[in-house]
Amino acid sequence: MSLKARSRRNAIHAMLFYSGGCNGCDIEVANALLSPRYDLEQYKVLFTWNPREADVLIVSGIIAWQLLEPLKKIYSMIPNPKAVVAIGSCPINGNVYKNLVGDIGVNEDIFAPLDNIIPVDVKVPGCPPRPEDILEGVVKGVPKLVEAP
Amino acid sequence: MASQNPVKQKEVVEIEKELSFGPIHPALLEPYRIRLFVNDEYVEDCELTVNVAYRGIEKLFEGLPIERALVIAEKVCGICSNVHAFNAVRVIEGGLNIEVPTRASYIRVLVHEIQRMTSHLLFFGHAFEVLGHETFAMRSFLLRETFMDLMAYIGGNRVMASVPIIGGIRPRADLTEPLKKTILSRLDEFEDKYTDYVNRIMADPMVMSRLTGVGLLSKDEAIKWYATGPTGRASGWDFDLRRDMKEYKPFDFKVIVLNEGDNKARVVARALEIFESIKIMRQVVKNLPEGPVVNRQWIAGKMDYTIAYIETYRGELMHSYGLDEHGLIRNYKIRTPTITNLAAMEQACIGDHVTDAMVTIASCDPCLTCCTRAEVVEKGRSRVMTDQEVVRNYGWRH
Amino acid sequence: MDTISFTLLLIASSVIAIVIATLYSLVLPGIERKVQARIQQRIGPPILTPGFWSVIKFTYKEKVEPIAQMPRLYKCSVYLGVVVVAFLLLFSTPYWWAVLSWGSILGIVGLLKIEEVIYVFMGSQSQSILSTSMPMPDLAKGSKHIGTRREFVEQHSAERAIKMMAIGSLPIYLALIVPFVVGKSILISDVVSFQNPAFFSAPWYGLPLPSHPILFTVPGFLATIPFFLGYTILLNEKPFSILKAKIDVIEGGVLEYASTLRAAYYVMRNLLLFALSSIFVTLFIGIPFDPFTPFVFLLNMLLSIILPVCLAVLVAFSPILTFRQIYPVAIGLSAIGVLAMILAVSI
Ligand code: SF4
């Protein structure tokens, strides 16, 4: 394995973007990261809040319209190669907020499938997914990073 | 108290600069924006922009059958999911006079208190993360796992346990004998560790020097700005809805009221509440009556606009709706505690250092996914706009 | 020894020292993280991940232009920082002690000052998206104080850096003076030979051990306290990380560094971690970082782990202090430094 691939495999910086779900997923990601029981760091995933440092962008939540622009901006700030992990049903299909609407028919405030906005590499369904699944999801984004030129 | 705190009197101040944080920021657990108006290091004024996670959630309920609506009610907030499900069923139970079996009511209280623990421990995690003390934060998350586990044992999911349904609880969530034993033993284990943890925090001089005397909110101010829940109780405002709720009648517990009104008091208030919750949970498990857990003898029909209040982890929560003749929901309204705490938060952080102000905001335990309204008063008439309309009409800054 | 061979040896020793120190310093953050993780009851990352592999990974990332007022200056300042820290490291290698004032305390203090000024540069340049320029509709008709000057958090961090320069760096300077007072000279070589008389006469394979290290005298021990906390202040680590406080200014001025620049920043930070630690071992124990006496060299590297590990423990057990607490702490530390100096004079 080349030095490039090894270095990318051995140090992964992940960044969390909460895009306005119910918070459940954000807390579970924080759990996966902060709770000594799960401890993302032992899988060589380091956490950061700075898009300039990040490799993996974790998106949780439906995309509320106010967060649309920040999401695109932050995605564009991450230097290549980068991977996007969608956590929870919210960014995957809009969950109840998009699919269980009453009389209003279409919920215009939600820009949910994340694929429409930025390319998604890993999807972790669940409402909310267990921290173990989140760990697995983040680690699944690594092959893409490693194979990138 | 107010006179001790001269900085916070209303006066016109020159403002040197504005610092804005968020919506993506290490100090925030959810998207919102903080604008701090700062002179040197001192915060002179503060504004929170909270409607970032707008999902139009009240509108979604409109015209849904009541059982389906409960699914959404639970997803109003991911920290206190059970509260919203609980209160949503209390509305219709009150409005249509649906009898709830005692056993079900006990188990609802149990789940409610379990989630109070997770919420308070999350608060510790968040507050210490904001203080910069990672070890305490992680320790708190480790302690929290006890209750996440119990939640998963009872309801099947760590966060969205969906225990309350109309007329009782989901039969799956009924307590079996082994589960009761597990709960009691986990509680004992937790109480030991937690007592050590709290004593360790109280003995830490650096942490205490950061918390003591910062973010003062006097009793008058707390009442004036409608602080509720532990935030208000830490300022000496003795009010807890649990004392009046019929679900809590059989149980014996104290309401924690502190008079200091600073960040330390807000942390301590929650720390002590956890002991009371443990007490309640023990009582529930020990005195759990036998009997059915759900009453299916009801039909959703026309119901007037009904209101239910409940004491959640952050304060007082209101749910209200009416049903039309087909049993569909009309006019769903939610008023979450953080909305009323917001003004208190903005007030409490005035006069402190920027770094302390962030702690103050965190110490009021904001949970903002649920607070989103925009009301426009145009030519004397008021109407509610969605945020998107606001921006279409008025544009937004880049 | 004639000038040419001296110069060649000087260059050779510097290159060896810097290369080995850089590689070694990239292991230190891993050790730090591991210590913290064990305190926090978790496993923590592998030792090489936070330092070594991260730096290599960043060099393989796409180069992006930072958003800054003057991008060139912003990019230069991190490289300048690396150079300054590298020179700082060379103070513990004996060949440089012969070069003019390099061998004296003045050089160390001067370079440390430059190092601090660089943070002000970075802070005033960087304009990260994470604060003011985030596209958010937060200025509406009814918003408070419209028209106030909006500042980037990095600029706020720069202001804090200035305050820290004024007060925070005093303890370490005072502590640095103590060994020189004890050694009654302003030259490092005198201080080392005072503690370790055999060092200059030992053969290259020898391991001359210090006979009376300053660390184990009363003033030396007292001075260690301000030195260690001053070290924390210079590295901007908790509890003195106010200018990089994660919860308001996120990372301060270094926010916009990406790819290679960030790798350089990591190198700068870690090398400073090692350089100051190595200087401590040189001045307080009398074991220099001399590439031409391999055993002394290794011993210095080994002992230089102590300060970073203590630092990791301190970081794990402390919150961020604000200026309310930093001012009294810094004054108290300076007082201890002065006391140590007075005691040192009377020895
Ligand atoms: S997927 Fe579920 S838990 Fe996660 S943010 Fe959406 S509603 Fe909340």
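The values are calculated or read from the model by the stated rules, or taken from the named source; none is laboratory data. If you're wondering where the values come from, they're calculated on a predicted model, not measured in any experiment. We place every Cβ from the backbone using ideal geometry, glycine too, and count neighbours over all the protein chains shown. Quick note on the areas: whole protein, heavy atoms, side chains included, nothing else; ligands and nucleic acids left out. Shrake-Rupley method; radii C 1.70, N 1.55, O 1.52, S 1.80 Å.
Output the number of residues of the stretch B:144-170 satisfying the condition of being assigned to a helix (DSSP H, G or I) and either of a type in the set (D, E) or out of contact with any Lys or Arg (no Cβ under 8 Å at 6 or more places or on another chain) (or both).
If we filter the stretch B:144-170 for residues that are assigned to a helix (DSSP H, G or I), which is where we start, we get B:144-155.
Next, from what is left, pick out any that are either of a type in the set (D, E) or out of contact with any Lys or Arg (no Cβ under 8 Å at 6 or more places or on another chain) (or both): B:144-145, B:147, B:149, B:153-154.
Adding up the residues that qualify gives 6.
When you scan the stretch C:140-151, do you find a residue that is in contact with a helix residue (DSSP H, G or I) (Cβ under 6 Å, 6 or more places away or on another chain) and either away from chain B (no Cβ under 14 Å) or open to solvent by 10 Å² or more (accessible area, probe 1.4 Å) (or both), even just one?
Narrowing the stretch C:140-151 to residues in contact with a helix residue (DSSP H, G or I) (Cβ under 6 Å, 6 or more places away or on another chain): none.
No, every residue in the stretch C:140-151 fails to be in contact with a helix residue (DSSP H, G or I) (Cβ under 6 Å, 6 or more places away or on another chain) and either away from chain B (no Cβ under 14 Å) or open to solvent by 10 Å² or more (accessible area, probe 1.4 Å) (or both).
Can you name the strands (runs of 3 or more DSSP E) wholly within the stretch A:1-75 that have at least 3 residues being more than 16 Å from the ligand (Cβ to nearest atom) and not aromatic (F, W, Y)? Step through it out loud before you land on a result.
On the way: elements: A:12-18, A:45-48, A:56-60.
Filter on the stretch A:1-75 gives A:12-18, A:45-48.
Out of all the residues in the stretch C:48-75, which are in contact with a Phe, Trp or Tyr (Cβ under 9 Å, 6 or more places away or on another chain), of a type outside the set (A, V, I, L, M) and open to solvent by 20 Å² or more (accessible area, probe 1.4 Å)?
The answer is C:K75, and nothing else.
Find the residue count for the stretch A:78-119, including only residues that are open to solvent by less than 30 Å² (accessible area, probe 1.4 Å), under 27 Å from A:E147 (Cβ atoms) and of a type in the set (V, I, T).
Summing the residues that are open to solvent by less than 30 Å² (accessible area, probe 1.4 Å), under 27 Å from A:E147 (Cβ atoms) and of a type in the set (V, I, T) in the stretch A:78-119 gives 5.
For C:K63, state whether it is touching a residue at least 12 places away in the same chain (Cβ under 8 Å) and assigned to a helix (DSSP H, G or I).
Numbers: touching a residue at least 12 places away in the same chain (Cβ under 8 Å): yes; assigned to a helix (DSSP H, G or I): no.
No; evaluated as a whole, the condition is false for this residue.
Which ones in the stretch A:71-92 are more than 17 Å from A:D26 (Cα to Cα) and either of a type outside the set (S, T, N, Q) or modelled with pLDDT under 90 (or both)?
Kept after step one, since they are more than 17 Å from A:D26 (Cα to Cα), are these residues of the stretch A:71-92: A:72-83.
A:K72, A:K73, A:I74, A:Y75, A:M77, A:I78, A:P79, A:N80, A:P81, A:K82, A:A83 - these are the residues of the stretch A:71-92 that are more than 17 Å from A:D26 (Cα to Cα) and either of a type outside the set (S, T, N, Q) or modelled with pLDDT under 90 (or both).
In the stretch B:312-349, which residues are under 11 Å from the mean Cα position of the chain (by Cα) and in a loop (DSSP other than H, G, I, E, B)?
Hits for the stretch B:312-349 are B:T312, B:Y313, B:R314, B:G315, B:T336.
Of the residues that sit in the stretch B:58-67 and are at the interface with chain A (Cβ under 7 Å from one of its Cβ atoms) and open to solvent by less than 30 Å² (accessible area, probe 1.4 Å), which one is nearest to the ligand (Cβ to nearest atom)? Steps first, answer last, please.
Just the residues of the stretch B:58-67 that are at the interface with chain A (Cβ under 7 Å from one of its Cβ atoms), to begin with: B:59-64.
Checking which are open to solvent by less than 30 Å² (accessible area, probe 1.4 Å) leaves us with B:60-61, B:63-64.
Details: B:L60: 12, B:F61: 15, B:G63: 21, B:L64: 16 Å.
Within the stretch B:58-67, the match that is nearest to the ligand (Cβ to nearest atom) is B:L60.
Would you mind stating whether A:A30 is within 10 Å of chain B (Cβ to nearest Cβ) and either modelled with pLDDT of 90 or more or surrounded by fewer than 23 Cβ atoms within 10 Å (Cβ to Cβ) (or both)? Steps first, please.
Details: within 10 Å of chain B (Cβ to nearest Cβ): yes; either modelled with pLDDT of 90 or more or surrounded by fewer than 23 Cβ atoms within 10 Å (Cβ to Cβ) (or both): yes.
In short, yes.
Identify all residues within the stretch B:13-47 that are in contact (Cβ under 8 Å) with a residue 40 or more places away in the chain, part of a strand (DSSP E or B) and open to solvent by 20 Å² or more (accessible area, probe 1.4 Å); write none if there are none.
The answer is B:Y42, B:E44, B:D45, B:E47.
Return only the number of the condition from (1) among the aromatic types (F, W, Y); (2) within 14 Å of chain A (Cβ to nearest Cβ); (3) part of a loop (DSSP other than H, G, I, E, B) that B:Y226 does not satisfy.
Of the numbered conditions (1) among the aromatic types (F, W, Y); (2) within 14 Å of chain A (Cβ to nearest Cβ); (3) part of a loop (DSSP other than H, G, I, E, B), the odd one out for B:Y226 is (2).
Are there any helices (runs of 4 or more DSSP H) wholly within the stretch B:54-135 with 3 or more residues that are of a type in the set (A, V, I, L, M), and if so which? Give the steps one after another, and end with the answer.
Numbers: elements: B:57-61, B:66-74, B:81-95, B:102-131.
Passing ranges, in order: B:66-74, B:81-95, B:102-131.
Within the stretch B:68-96, which residues are in contact (Cβ under 8 Å) with a residue 40 or more places away in the chain, open to solvent by less than 10 Å² (accessible area, probe 1.4 Å), over 20 Å from B:R116 (Cβ atoms) and not small (G, A, S)?
Scanning the stretch B:68-96 gives B:V91, B:I92.
Any idea which of (1) buried (at least 23 other Cβ atoms within 10 Å of the Cβ); (2) of a type outside the set (G, A, S); (3) free of Cβ contacts under 8 Å to residues at least 24 places away in the same chain is the one A:V138 doesn't satisfy?
That leaves (3) as the condition not met.
With the checklist (1) closer than 30 Å to A:P51 by Cβ; (2) at pLDDT below 85 in hand, flag the one item B:P6 doesn't pass.
(1)
Return the total of residues in the stretch B:306-350 being β-branched (V, I, T) and farther than 22 Å from B:I34 by Cα.
Step one: filter the stretch B:306-350 for residues β-branched (V, I, T), giving B:306-307, B:310, B:312, B:329, B:334, B:336, B:338-340, B:350.
Narrowing further to those that are farther than 22 Å from B:I34 by Cα: B:306-307, B:310, B:312, B:329, B:334.
Within the stretch B:306-350, residues that are β-branched (V, I, T) and farther than 22 Å from B:I34 by Cα number 6.
Name the residues in the stretch A:87-114 that are more than 10 Å from the ligand (Cβ to nearest atom), under 17 Å from A:P128 (Cα atoms) and not hydrophobic (A, V, I, L, M, F, W, C), would you?
Hits for the stretch A:87-114 are A:K98, A:N99, A:P113.
Taking the options B:E129, B:E99, B:E134, name whichever one is under 30 Å from B:L328 (Cα atoms), away from the ligand (no atom under 16 Å from the Cβ) and open to solvent by 10 Å² or more (accessible area, probe 1.4 Å).
Numbers: B:E129 fails: under 30 Å from B:L328 (Cα atoms); B:E134 fails: under 30 Å from B:L328 (Cα atoms).
Selected residue: B:E99, the only one of B:E129, B:E99, B:E134 that is under 30 Å from B:L328 (Cα atoms), away from the ligand (no atom under 16 Å from the Cβ) and open to solvent by 10 Å² or more (accessible area, probe 1.4 Å).
Does A:V146 satisfy the condition of being open to solvent by less than 40 Å² (accessible area, probe 1.4 Å) and at pLDDT 90 or above? Talk me through it step by step, then tell me what you get.
Working: open to solvent by less than 40 Å² (accessible area, probe 1.4 Å): yes; at pLDDT 90 or above: no.
For A:V146, the condition - open to solvent by less than 40 Å² (accessible area, probe 1.4 Å) and at pLDDT 90 or above - is not met.
For B:K333, which of the numbered conditions (1) open to solvent by 10 Å² or more (accessible area, probe 1.4 Å); (2) at pLDDT 85 or above fails to hold?
So B:K333 meets the others, but not (2).
I'd like to verify a number: residues in the stretch C:326-347 that are open to solvent by less than 20 Å² (accessible area, probe 1.4 Å) and not small (G, A, S), how many? Steps first, please.
Taking the stretch C:326-347 first, the residues open to solvent by less than 20 Å² (accessible area, probe 1.4 Å) are C:326, C:330, C:333-334, C:337, C:340, C:344.
With not small (G, A, S) added as a condition, the list becomes C:326, C:333.
Final tally of qualifying residues: 2.
Return the residues of the stretch C:267-294 that are open to solvent by less than 10 Å² (accessible area, probe 1.4 Å) and among the aliphatic types (A, V, I, L, M); say none if nothing qualifies.
Result: C:M268, C:L271, C:L272, C:L273, C:A275, C:L276, C:I279, C:V281, C:L283, C:I287.
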